[in-house]
Structure formats: structure tokens, C-alpha cells
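A.B. asks: Here it is: the structure, laid out below.
The values are calculated or read from the model by the stated rules, or taken from the named source; none is laboratory data. Here the structure is a predicted model, which is why all the values come from computation and not from measurement. So basically every Cβ, Gly included, is an ideal-geometry build from the backbone, and we count neighbours across all protein chains shown. Accessible surface is based on the protein model in full, side chains and every heavy atom, while ligands, DNA and RNA are left aside. Shrake-Rupley method; radii C 1.70, N 1.55, O 1.52, S 1.80 Å.
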Amino acid sequence: MTNSDGDDLTAAPRMPGGPLPRFDTPLVPRNSISGRALVAVVAIMTFLVSLTTGAVILVSGAASEWQADVAREITIQVIPAPGRDLDVTVDKAAMVARAFPGIGDVRAYSKEESTKLLEPWLGSGLSLDQLPVPRLIVVKISSGATPDIPQLRKMLVEQAPGATLDDHRGWIDRMRTMAGTAIAAGVGILILMLAATVLSVTFATRGAMATNKTVIEVLHFVGAKNGFIAGHFQRHFLLLGLQGGAIGGGSAIVLFALASLVSRWFAGTAGGDQTTAMFGSFSIGISGYVAVLGQVVLIAAVTAMTSRQTVNRTLEMID
């Protein structure tokens, strides 16, 4: 008996209590066109999922660092007003902050330094003397301290009128929202990729079964159990899933390693420092690489289980 590819396939009817059928050639061809196409699909899916996972790790890590930095600092702003001596008000506000419990360091920006902070948006060479440019005081909280921010704000209003305190709660909330959104988007993409993988494996399994329909029906009718036939497909598609996952996941790991290496090369430059401030060192760390390897195993397992379930449902229809 031969299958549709012309390969010899022999099977002896299984007697009660006898051994399972043995094959000279595999029930599912190993190097078929559909198999190679499925490997490519799984590799692409795994690569995209791994990139998404790495991006989520980078964004979450950068957001956590931003939150930690912002949470350790508060800003006092002194707005110019008619009849108000900015230098005196700034000195009073800085004095109040330095004497407050839980405050580690206080730095008052000069007029020139405050003006330079606006250059990235307004450009250099502009005269801002006629504009009410506020003066800033950066206050750093001592490590492990939890100062009473409302009390500090009240003291500033009383002792340094015109000074306002910003504890950056709005920025911290936005960063938390951004990190949560990135994680949710990553989970959503992972679910979509798994769904696409399931559909691809389902169609590939049905195609393989259709190619060997006659052989499968004969084996089924001579006593081969559904689990025996499904096991051949499961092992076949597990190997395809591992192969495609290894290609896609390995490519993603190489890409992240190269990105981390390039970021170290450009460290110290203006562009490199800006990129590092935004996204970190482009290193996903050991946990990130473990997550990518876990996704390779997950996609391979999904591929194998989807194939088995598809074969079982198809054989139940034959019954």
C-alpha cells in the first residue's frame, strides 16, 4: 500500500492484545511543502511575539526607572510677579525645604540655568528677559524617607509666598498607565499570535490528513486507535513547532543582543545618552531571554496540541 506521495507504507492488522502497527515510512511526510511553510509561519510568529515581549520588558523597565527617579524628587517653582523679589523668595523657599525632615538635597536653579531649560523647545539665542520665566528648586528626598508633602506645601505658602510645590504625582500616574498599557498590548499581541498559530496548524493538519486520507481510513478501520494516529501527527507538528520557534526566537535573541551591544558602543554620545534615558540599555536581561525561550516552548506545545485535537475531531467524524 502506498500513500499519495508514492511512498511504500505497510501496516498489519492489529490483533486483540497484539502490538501496534509499525511503519517503514512515517505516516506524516517530514519534508513536505506544507511542513516547510508551517515552519516559516511559526518562525515569523515567534519572532514577532519575542520582539513584542522584549519591547514590553524595555518599556516597563524604563518606566520603572523613571518612576523611581521622579518619586525621589519634588520641584518648587517660584513664579515672577510685580513687586516680588525672585532671589529672596527662592532663598526662603530653599531654606524651608532644607530644614524640612526627610529632605536630602536642595538645589536652586539660577536665572541663566532656568532659561537654558527652555532652549530645547524655544531654541538658543532668544532673550527671555521680558517673559515671566519661573525659577526652579529641585528637592531630593532622602533614601527611605517619607516627608509630609502637604505640610511642606503649607509651610512654603506661609513663609515663601509665590512658591508652589509639585510632587510629580501626575507624571507618575502617566508612567504607570503607560507601563500597564504596554503590558496589556503585549499580552493582546501574544494572544493574537497564538490564535493565528492555532489556525495555521489546524489547516496544515487537515491538509496532511487529506493527503494521507486513504491510509488513515484503513488504519482506523483495521483497529488503530485514534490516539495512535493522533500521536504521529502530534510528534510531527511538535518537531515543526520547535524548529520554527527556535528559528524565530533565536533570531529575536540575536537582535536584542546586537541592539544591546550597539547601545554600549554609542554610550557617551548625545544620541546614545538620549536613547538610554528613554529606553535604557536595550538589554532585556536574563529574565527576558528566559521569557523568549519559554515562548518557543509554548508555541511548540500549542502546535502539537492543536494538531492532536484536530486529528481527534476529524477521526470522530469518521466514526
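A.B. asks: Does Leu240 satisfy the condition of being surrounded by fewer than 21 Cβ atoms within 10 Å (Cβ to Cβ) and either among the acidic types (Asp, Glu) or modelled with pLDDT of 75 or more (or both)?
C.D. replies: Against the criterion (surrounded by fewer than 21 Cβ atoms within 10 Å (Cβ to Cβ) and either among the acidic types (Asp, Glu) or modelled with pLDDT of 75 or more (or both)), Leu240 does not qualify.
A.B. asks: Among the residues of the range 50-61, is any open to solvent by 40 Å² or more (accessible area, probe 1.4 Å) and in a loop (DSSP other than H, G, I, E, B)?
C.D. replies: No: the range 50-61 contains no residue that is open to solvent by 40 Å² or more (accessible area, probe 1.4 Å) and in a loop (DSSP other than H, G, I, E, B).
A.B. asks: A further question on this structure: Quick check on the range 214-221. Is at least one of its residues at pLDDT below 75, open to solvent by 50 Å² or more (accessible area, probe 1.4 Å), closer than 25 Å to Val56 by Cα and part of a helix (DSSP H, G or I)?
C.D. replies: Among the residues of the range 214-221, not one is at pLDDT below 75, open to solvent by 50 Å² or more (accessible area, probe 1.4 Å), closer than 25 Å to Val56 by Cα and part of a helix (DSSP H, G or I), which makes the answer no.
A.B. asks: Being assigned to a helix (DSSP H, G or I) and either touching a residue at least 60 places away in the same chain (Cβ under 8 Å) or open to solvent by 70 Å² or more (accessible area, probe 1.4 Å) (or both) is the filter here, so list the residues in the range 247-268 that pass it. Explain how you work it out, then say what you get.
C.D. replies: From the range 247-268, those assigned to a helix (DSSP H, G or I) are 247-265; that's our starting set.
Scanning the range 247-268 gives Ile247, Gly248, Gly249, Ser251, Ala252, Ile253, Val254, Leu255, Phe256, Leu258, Arg264, Trp265.
A.B. asks: Quick one: Leu315 ticks every box in (1) open to solvent by less than 60 Å² (accessible area, probe 1.4 Å); (2) at pLDDT 75 or above; (3) not β-branched (Val, Ile, Thr) bar one, so which box is it?
C.D. replies: Here Leu315 meets the rest and fails (2).
A.B. asks: Sticking with this structure for a sec: Of all residues in the range 62-87 being free of Cβ contacts under 8 Å to residues at least 24 places away in the same chain and farther than 16 Å from Arg176 by Cα, which is most open to solvent (accessible area, probe 1.4 Å)?
C.D. replies: Pro82
A.B. asks: Against the definition (surrounded by 12 or more Cβ atoms within 10 Å (Cβ to Cβ) and at pLDDT below 75), how does Gly272 come out, yes or no?
C.D. replies: Yes, satisfied.
A.B. asks: Consider the range 155-211. How many of its residues are open to solvent by less than 50 Å² (accessible area, probe 1.4 Å) and not in a helix (DSSP H, G or I)?
C.D. replies: Qualifying residue count for the region: 6.
A.B. asks: Another question, then. Any idea which of (1) under 30 Å from Gly227 (Cα atoms); (2) open to solvent by less than 50 Å² (accessible area, probe 1.4 Å); (3) at pLDDT 90 or above is the one Ile299 doesn't satisfy?
C.D. replies: All conditions are met except number (3).
A.B. asks: While we're here: Out of Arg107, Arg98, I need the residue that is at pLDDT 75 or above and outside any strand (DSSP E or B). Which one?
C.D. replies: Exactly one of Arg107, Arg98 is at pLDDT 75 or above and outside any strand (DSSP E or B), namely Arg98.
A.B. asks: Could you check the range 135-154 and list, in sequence order, the residues that are more than 16 Å from Pro101 (Cβ to Cβ) and either surrounded by 17 or more Cβ atoms within 10 Å (Cβ to Cβ) or of a type in the set (Lys, Arg) (or both)? Reasoning before the result, please.
C.D. replies: Of all residues in the range 135-154, those more than 16 Å from Pro101 (Cβ to Cβ) come to 135-138.
Those that are more than 16 Å from Pro101 (Cβ to Cβ) and either surrounded by 17 or more Cβ atoms within 10 Å (Cβ to Cβ) or of a type in the set (Lys, Arg) (or both): Arg135, Leu136, Ile137.
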